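First the structure, in the form of structure tokens, and then the observations on it.
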């Protein structure tokens, strides 16, 4: 079983590293050490789609972000992402997102980007989380802003939120250009909860005068300018994400902000960034001057 999971993760990594190239099942079979037929079968078993669908959706999602953020030609993006023709790229883009690339580049709207879940490979070399590790703390200022959020009902953390709302919300949020560069997860203070049990949400921070489209089922909240302590752990192996989160939570509990002239601020949300092993786990905890 673990050998199969390892093979699928190797295929995912290969796709990610070669996404702008032409990838076929023989390439994936080679990195998985299985036959093309069996590699395809494993891919479908663990990811619920064929490799070709996975590759196409990932290419289209990455191309959408380029259209949103860069001043570039549709032809250039189509060729850069390995599509055989501009017409083929345009048809695929419309099927995936409901609009053509030109429309999207001139007036980006929220779209459901494909954000694949990575298979956890337990056979990789994992870091020893028991060794002494550093936690870095930095004071940062957040400007006044709006946050487009999707609420749950009783969610208090990521997994309960996914169960209530769905894990694919992140792809839609990623398509909305954020002033902080990426979507965020928030633990809301009581004043911002609706219902009162709804503590944990996912959202994207935008400018205070944001006039863009709000996706159906989402809403906008206003947050004031505020001060945060950013807690960041060291890089971690993806298999160790639970330990990486726990070490930051332990550091937050032990830290006394009075040492630098602050106290905790319970009227602003705590913020969680997407756990990415290469940068370390990051949380922002609101504080105010004593």
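All of the numbers you see were taken from the coordinates with simple rules; none came from a lab. Remember, it's a predicted structure, so these values are computed and weren't measured experimentally. With ideal geometry, Cβ positions are generated from the backbone for all residues, glycine too; neighbour counts draw on all protein chains shown.
Couple of notes before you dig in:
- The relative contact order of the chain comes to 17 percent, based on Cα pairs under 8 Å that sit 6 or more residues apart.
- Inter-label distance, nm, simple model (7 Å from Cα along the C-beta direction), residue 30/residue 168: 3.3 nm
- Translational diffusion of segment 188-290, µm² s⁻¹ [Kirkwood Rh, Cα pairs; Stokes-Einstein; 20 °C; 1.002 mPa s]: 137 µm²/s
- Extended-chain gain in nm, criterion 0.36 nm per residue less alpha-carbon gap, residue 241 and residue 140: 33.9 nm
- 0 to 90° range, to nearest 10: angle between helix 36-47 axis and the chain longest Cα axis: 30 degrees
- Helical mean residue ellipticity (222 nm; -39500 (n - 2.57) per DSSP H run of 4+; nearest 500) of the chain: -11500 deg cm²/dmol
- Overall form of segment 92-225 per C-alpha gyration tensor (a/c, 1.5; a/b vs b/c): oblate
- The chain shape via C-alpha gyration tensor axes, a/c threshold 1.5: oblate
- Separation of segment 1-66 and segment 244-268, taken as the distance between their Cα centroids, equals 41 angstrom.
- Shape category assigned to segment 151-241 from the gyration tensor of Cα positions, a/c cut at 1.5: rounded
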